[in-house]
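The values are calculated or read from the model by the stated rules, or taken from the named source; none is laboratory data. Here the structure is a predicted model, which is why all the values come from computation and not from measurement. Note that each Cβ is placed from the backbone with ideal geometry, even for glycine, and that neighbours are counted across all protein chains shown. The protein model used for the area step is the full one, side chains on, heavy atoms only, and it has no ligands, DNA or RNA in it. Shrake-Rupley method; radii C 1.70, N 1.55, O 1.52, S 1.80 Å.
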Number of protein chains: 2
Amino acid sequence: MNIQRYAENPLITPSDVKPHREDFEVIEAFNAGIATYKGEVLMLLRVAERPISEDPNIVKAPVYNPETNELDLIKIRKNDDRYDFSDPRVIRNKTKSGDFEYLTSLSYIRIARSNDGHHFTVDDEPFIYPSNIQEIFGIEDPRVTQIGDTYYIYFSVVSPVGIGESMVSTTDFVTMKHHGMIFGPDNKDVLIFPEKINGKYYALHRPTMKSVGDPNIWIAESDNLLYWGNHKHLLGLREGLWDSGRIGGGAVPFKTDKGWLELYHGATLDHRYCMGAVLLDLNDPSKVIARSNKPVMEPEASYEKNGFFGDVVFSCGAINEGDIVKMYYGVADTSMACAELSLKEILDSLDYI
Amino acid sequence: MNIQRYAENPLITPSDVKPHREDFEVIEAFNAGIATYKGEVLMLLRVAERPISEDPNIVKAPVYNPETNELDLIKIRKNDDRYDFSDPRVIRNKTKSGDFEYLTSLSYIRIARSNDGHHFTVDDEPFIYPSNIQEIFGIEDPRVTQIGDTYYIYFSVVSPVGIGESMVSTTDFVTMKHHGMIFGPDNKDVLIFPEKINGKYYALHRPTMKSVGDPNIWIAESDNLLYWGNHKHLLGLREGLWDSGRIGGGAVPFKTDKGWLELYHGATLDHRYCMGAVLLDLNDPSKVIARSNKPVMEPEASYEKNGFFGDVVFSCGAINEGDIVKMYYGVADTSMACAELSLKEILDSLDYI
């Protein structure tokens, strides 16, 4: 596989983003949804900011307060035995179940704009910021599906009651309409197909199970993009391969002669995130035609291997022009990068079932 | 609270149900959805059958095979150290995450019919039996919502990829139409309201979270009963009370002058299941008006305290006639019972918020 990483990589780093508050610092600008709008490439960056801590013995957790429309800062002493700080992204309460009690940063969505797809300018202000009780720990990993003149932007919303997927729509990337939570918890990595297929909209989603079942990719259908049903299991983990620990949809699926191509992420149990591909039937995307036995892209460049959470390539959007696939992707949970791949090479690399 | 338990309780026990195969035994006939049809009360029983084991050192797990349309019997030796048999309902694999690897019985739905609501006759054959890959470990805890002449029957479907909620509809309790999985995993305890409210259908559901969040009751909306969205958190756990460990919808909600009344189940962390009530706004059921601080019904009768899994009362359906609420309920994960309560007394017992 020929992978043409952009010479300008990383295209956006946290230092390119001005914090939205003076007492905060931007620690991540990554996992951007991608749109083309009025001749520009837009990155809908997931920006993560954290409160600057003057006291190294105290960790501050930012929590959006929907009543005041401000952030509350929860302060926790690092020597408090109830808490576990070993994962820099979260604060775990050892006395409770679940993956975390607080996040150490608050994520929201900010736009970066480019004429050439290589050089981006970041907006001064947030675009989508937490605004309700479902988003008090932040909004993460947006994807953008364009249908006609409308851009549907959907993202994980995180709060103490669960992680689900909410959606807004816009026609101008200035104003937006909120559509609420379209996939209930525990769910993330939703990807909406860009057109109806045999009269139905389709979406991939990634439920996280407690009772039984692995973090796999499922598919659902809809007739209005807001309400979803007919859920079916689509793609599982594969022991011993690059996607043995966890998988989820990546870039918005796009149409090829051979089927719908979905660039998805897979991780091993030790959290090495790669990108691979799955080809779905053009007329029935619940049918898998082919899949990557080897990743399409692995973390190899230094900016992919090192960062806030290293060894991660994680795409939320790509642009397909003829044989060229411009895959934008988050690196090391820190920055944004892009690489060009050949569509034919991706399709040829798949293992046909 | 006056609770008039029927003198005939338990109304149905496992011994009233003929196994559907000679080499199987019925161990549970419980958690029935309730419908009234042509002057009869129908219990849609959850019947659990298990393979009779000739060898006490071997546990057999029944698994529906959608390719052969038969049951496969997985045999596991009790001295196999990888497995944990301490919960009689499941076989856990200690080397894997999740609550179980196999179930020790297979559940399906069978109808019991009555002219008087007290004396029931069980059909000779199953009504809804596993029929697809999402149901290979069985189907559980049906509820029935009547809208016009159509009865919507929905139930948990269990398979190695997850537990979700699927639906069929019928107008005659003989033929049925399958509508697929309406709530994706990890989810159960769905309850569909019996009419549109301000132009939308509503349902309660109970996602089970791994990442963050407790097993709480959520509410969603739909315009066709098949596709669901606008998910909102409705009701949480309450430390120190009867519903501190786990809650989920119970009987199909019914309309009262004061609001929609939902009889829901709550359990403590040590698995004592009681029934309580929550009152929801007539025009917007995502608004909670009142809730039981004390249970409406606790396991007290011997058939409620003792059985396959004791100390459980668990209703999946009730019939409201004037001031009388006939609450049918599963007891001790074994049998079915019924009790009559006063609607006024239930409403008066609630703690208004």
Q) Restricting the first residue to the range A:65-78 and requiring it to be at pLDDT 95 or above, which pairs with a second residue that is polar (S, T, N, Q) and open to solvent by less than 80 Å² (accessible area, probe 1.4 Å) meet a Cβ separation below 6 Å and a spacing of at least six or different chains? A) A:PRO66/A:ASN132; A:ASP72/A:ASN65
Q | Number of the condition not met by B:ILE109 [criteria: (1) in a loop (DSSP other than H, G, I, E, B); (2) under 30 Å from B:ASP172 (Cβ atoms); (3) not basic (Lys, Arg)] | A | (1)
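Among the strands (runs of 3 or more DSSP E) confined wholly to the range B:232-309, which include 1 or more residues that are buried (at least 22 other Cβ atoms within 10 Å of the Cβ)? Walk me through it before giving the result.
Values: elements: B:246-249, B:254-256, B:259-267, B:273-280, B:288-291.
Ranges flagged: B:246-249, B:259-267, B:273-280.
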**Q.** Meets criteria (of a type outside the set (A, V, I, L, M, F, W, C) and open to solvent by less than 10 Å² (accessible area, probe 1.4 Å)) for A:ASP214
**A.** no
Q: Just need a number here: residues in the range A:220-231 that are open to solvent by less than 50 Å² (accessible area, probe 1.4 Å) and charged (D, E, K, R).
A: 1
Q.
So in the range A:328-353, with the set limited to residues that are among the aromatic types (Phe, Trp, Tyr) and within 20 Å of the chain's Cα centre (by Cα), which one is farthest from A:ARG113 (Cα to Cα)?
A. A:TYR329
Q. List, please: which pairs have Cβ atoms under 7 Å, are six or more places apart or on different chains, and start with a residue in the range A:292-312 that is over 19 Å from A:LEU263 (Cβ atoms) and end with one that is outside any helix (DSSP H, G or I) and acidic (Asp, Glu)?
A. A:LYS305/A:ASP311; A:GLY307/A:ASP333; A:PHE308/A:GLU28; A:PHE308/A:ASP333; A:PHE309/A:ASP333
Q: Identify, by number, the condition in (1) within 14 Å of chain B (Cβ to nearest Cβ); (2) closer than 27 Å to A:ALA112 by Cα that A:ILE147 doesn't meet.
A: (1)
Q: Search the range A:92-106 for residues being in contact with a Lys or Arg (Cβ under 7 Å, 6 or more places away or on another chain) and assigned to a strand (DSSP E or B), and hand back the single one that is surrounded by the most Cβ atoms within 10 Å (Cβ to Cβ).
A: A:LEU103
**Q.** strands (runs of 3 or more DSSP E) (entirely within the range B:6-81) containing at least 3 residues that are on the phi < 0 side of the Ramachandran plot, touching a Ser or Thr at 6+ places or on another chain (Cβ under 7 Å) and open to solvent by 20 Å² or more (accessible area, probe 1.4 Å)
**A.** B:40-51
(Q) For the range B:116-209, give me every one of the strands (runs of 3 or more DSSP E) that falls completely inside it and has 2 or more residues that are over 24 Å from B:ALA277 (Cα atoms) and open to solvent by less than 30 Å² (accessible area, probe 1.4 Å). (A) B:138-147, B:150-159, B:162-170, B:177-183
Q) Restricting the range B:82-91 to residues that are open to solvent by 50 Å² or more (accessible area, probe 1.4 Å) and more than 14 Å from every other protein chain (Cβ to nearest Cβ), which is farthest from the chain's Cα centre (by Cα)? A) B:ARG82
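How many residues does the range B:318-339 hold that are open to solvent by less than 50 Å² (accessible area, probe 1.4 Å) and either in a strand (DSSP E or B) or charged (D, E, K, R) (or both)? Outline the logic, then answer.
First pass over the range B:318-339, keeping only residues open to solvent by less than 50 Å² (accessible area, probe 1.4 Å): B:318-319, B:325-339.
Narrowing the set further to residues that are either in a strand (DSSP E or B) or charged (D, E, K, R) (or both) leaves B:318-319, B:325-331, B:333, B:335-339.
Number satisfying all stated conditions: 15.
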(Q) Given the options B:SER222, B:SER211, name the one that is at pLDDT below 95 and at the interface with chain A (Cβ under 7 Å from one of its Cβ atoms). (A) B:SER211
Q) Do you know which residues across the range A:167-208 are in contact (Cβ under 8 Å) with a residue 12 or more places away in the chain, more than 13 Å from chain B (Cβ to nearest Cβ) and acidic (Asp, Glu)? A) A:GLU195
